[in-house]
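The values are calculated or read from the model by the stated rules, or taken from the named source; none is laboratory data. Bear in mind the structure is a predicted one, so any value in this text is a computation, not a measurement. Cβ placement follows ideal geometry from the backbone for every residue including glycine, while neighbour counts extend to all protein chains displayed.
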Amino acid sequence: MNSNSQAPISGDVTTTKPNGKDVVSSAEPVKRVGQTGVFLARSASGVSKSKKPVGRAVISSTDTANRAGHPGDPLATAISGDSKSKKSSGKAVASSAEPVKETRQHGVSPAIAVSGDPKSKILNGRSVVSSSAEVLFFRDVKYGPQEGELRFRLIHFWEARNALTKVLFGLEMILIDGQGTVIQGFIPPNRIETYLPHMFAGSVYRLNNFYGSKSKTVYRVAEPLVTIAFSWNSVLSPLENSPVPFPEDRFRFYGYEEFEAACDLKGDLYDYVGHMKLVNEQTLSDSLVLDEVEIASSRRILVHVQTHDGPVMKLYIWDKVAVDFCEKFKALGKPPTVILVTTVNPKRFGGALTLSSLSSSRVFFDMDVQATREYLAWFDSNTEVANRVYAEIVTKAETATIGELLSYMMQEEAKVAWFECTATIDDVVRDSAWYYIACGGCKTKATKGPTTLMCKKCGKTEIVGTPEYLTKISVYDNNDHASFVLLGDAGRELTGMKASDLVESYFEANENVGDDHVVPVPQSLTDSIGQSRTFIIKVSKHNLDGKTQTLTVTKVLPLEVPALEGDIDEGVKEEPVDEKDGAADGNVKRISDGIESGETKRAKCD
């Protein structure tokens, strides 16, 4: 779980809040935990002879004939939700020591009812639940213990853990009832193993006996001010043949202005839908390949997303949500156009508004849900509008001097960020190669095979190599000096010429040199010495780790236009993989920290 872990709402009747934090109270009698175990039995949507003995919550069951087709699911037998539990004298003891299991298969309804009441009885070989309980909608839920019955679809559930200690607070849920009202649910940690084995996202349930708890004010995922918490006597069972249809999902969309107003407030979490412009700073094309190893290492994916004709926004997808993104991305076979991410947190990052996923977030693409299908239809009908880029303030870098950049890198709380810095070029480094040979598709540094160039990222054993800028320069302003490295299109923006054109021109003028000859620094680069230019600088993870103070230039602004006109990252490929430098910057390998000396070779052309 990422650093924006949510503090849970207690499912117990009594909660305490020391130092303003929600904690699960231990006021409940300890004797209830692990005494008589958990009783599981089959349920049906209606049992005419159901009873509720002595006011206790017990478990519903249908006739024993319903066992057909459900092997290994004993009727009216006491068993544990924990696979490692032990039975003694006919009783099952449920362990809560095991970690919460992964989300189960979507849409599969368990044919059992689960009770958290350790005093539940088995009557004449069957367990019984009252059918006379009042059926409530979410709008009817009040604070405190309630004995009514709720009917809902389980949309999603996830673990809530402490951001630092990783201690499990409980299981959070998003539920939707027959009226389309979405509410948040919560299961305390000591009851998770009772219910989790029988919870399936997308399935429909009934819940008898629960506790209405006050919703937290930070990172809330639903509108109601009350949360449905499972209590000691709650009974969860599948709802079959319901006459009321339950919506599949419900989204709460926000746009740029609304997210801007909510930025850094840690309030309600809303959903975001739009069309993707870049994924990890790569343009969407059939050759786009995600490096899953590096994504797993960095735990994040950066997506540039634009909603209709609004500005481009940076969307950071973290941890398990990033893994889900990769799996769905690969399953499509080609890059999707539309992305929908739920419950994102607006934060200011490097001076710009960004969105960040949390543990509660889910990812959907083109045809996954109705909302993405509708957006895709709009996109296909409005390609001219959809292909515009509105960067505006959302991607405008914060202005900084060289000294401020160096100072920022030393701050403990510093993050990867982009800045706008004006400096004078003092010299171009000549003792290292000023370009590299890149894969023509993904711009990653090509590797030399037995007879051809290869790309480790694309997995291709034969590629066409393309020279790209990788030029180290020294710069200064009124007070400080620094080393910058021009990467990719930034070199073209400085010189007005492509690296490939410069390399090709040199070899045409020097036909007697071999393919392995290193092209000297061209005149167009040395002519820039003495110029004062405005650069867009990326402070990378390697800068923050103290491994290098060389700063990467991702864009050089035109001399006649001092203001930033476009996305500071658009068209920029992060530092390509260097064979000799295995260090990683987030999800991308850095080459600017280990520029090869005299090793750049001519691309072989067919």
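Values computed for the structure shown
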item: Count of residues meeting criterion [farther than 20 Å from Val279 by Cα, at pLDDT below 80 and basic (Lys, Arg)] in the stretch 449-481; result: 1
item: Residue under evaluation Tyr219, criteria (1) of a type in the set (Phe, Trp, Tyr); (2) modelled with pLDDT under 95; (3) assigned by TED's automatic domain parsing to the domain that holds His308, criterion not met; result: (3)
item: Any hit, the stretch 471-479, residues being among the polar types (S, T, N, Q), touching a helix residue (DSSP H, G or I) at 6+ places or on another chain (Cβ under 6 Å) and in a helix (DSSP H, G or I); result: no
item: Pair list, Cβ < 6 Å and 6+ apart or interchain, from the stretch 277-296 residues that are in the same structural domain as Asp324 (by TED's automatic domain parsing) and polar (S, T, N, Q) to residues that are in a loop (DSSP other than H, G, I, E, B) and surrounded by 15 or more Cβ atoms within 10 Å (Cβ to Cβ); result: Asn280/Asn587; Gln282/Leu288; Ser287/Gly441
item: Those residues of the stretch 155-184 which are on the phi > 0 side of the Ramachandran plot and surrounded by fewer than 19 Cβ atoms within 10 Å (Cβ to Cβ), in sequence order; result: Lys166, Gly180
item: Ser359 being over 18 Å from Leu302 (Cβ atoms) and touching a residue at least 40 places away in the same chain (Cβ under 8 Å); result: yes
item: Subset tally (residues that are in a loop (DSSP other than H, G, I, E, B), of a type in the set (Val, Ile, Thr) and within 23 Å of Ile192 (Cα to Cα)) for the stretch 219-257; result: 1
item: Elements of type helices (runs of 4 or more DSSP H) in the stretch 270-383, at least 2 residues being in contact with a His (Cβ under 8 Å, 6 or more places away or on another chain) and over 28 Å from Ala400 (Cα atoms); result: 370-381
item: Helices (runs of 4 or more DSSP H) contained in the stretch 493-547 and holding at least 3 residues out of contact with any helix residue (DSSP H, G or I) (no Cβ under 8 Å at 6 or more places or on another chain); result: 499-509
item: Which numbered condition Gly202 fails, given (1) in a strand (DSSP E or B); (2) more than 29 Å from Phe349 (Cβ to Cβ); (3) not aliphatic (A, V, I, L, M); result: (1)
item: Residues of the stretch 290-315 satisfying the condition of being among the β-branched types (Val, Ile, Thr) and surrounded by fewer than 16 Cβ atoms within 10 Å (Cβ to Cβ); result: Val293
item: Qualifying positions in the stretch 421-445 - of a type in the set (Gly, Ala, Ser) and within 30 Å of Glu462 (Cα to Cα); result: Ser432, Ala433, Ala438, Gly440, Gly441
item: Flag if Ser234 is closer than 26 Å to Leu358 by Cα, of a type in the set (Gly, Ala, Ser), crowded, with 18+ Cβ neighbours inside 10 Å and in contact (Cβ under 8 Å) with a residue 40 or more places away in the chain; result: no
item: Among residues of the stretch 193-227, those that are crowded, with 24+ Cβ neighbours inside 10 Å and touching a helix residue (DSSP H, G or I) at 6+ places or on another chain (Cβ under 8 Å), counted; result: 0
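Here's the yes/no breakdown for (1) outside the structural domain of Leu302 (by TED's automatic domain parsing); (2) modelled with pLDDT of 90 or more; (3) surrounded by 15 or more Cβ atoms within 10 Å (Cβ to Cβ); (4) on the phi < 0 side of the Ramachandran plot:
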{"site": "Val363", "(1), (2), (3), (4)": "no, yes, yes, yes"}
{"site": "Met367", "(1), (2), (3), (4)": "no, yes, no, yes"}
{"site": "Ala371", "(1), (2), (3), (4)": "no, yes, yes, yes"}
{"site": "Glu374", "(1), (2), (3), (4)": "no, yes, no, yes"}
{"site": "Thr383", "(1), (2), (3), (4)": "no, no, no, yes"}
{"site": "Glu412", "(1), (2), (3), (4)": "yes, no, no, yes"}
{"site": "Ala423", "(1), (2), (3), (4)": "yes, yes, yes, yes"}
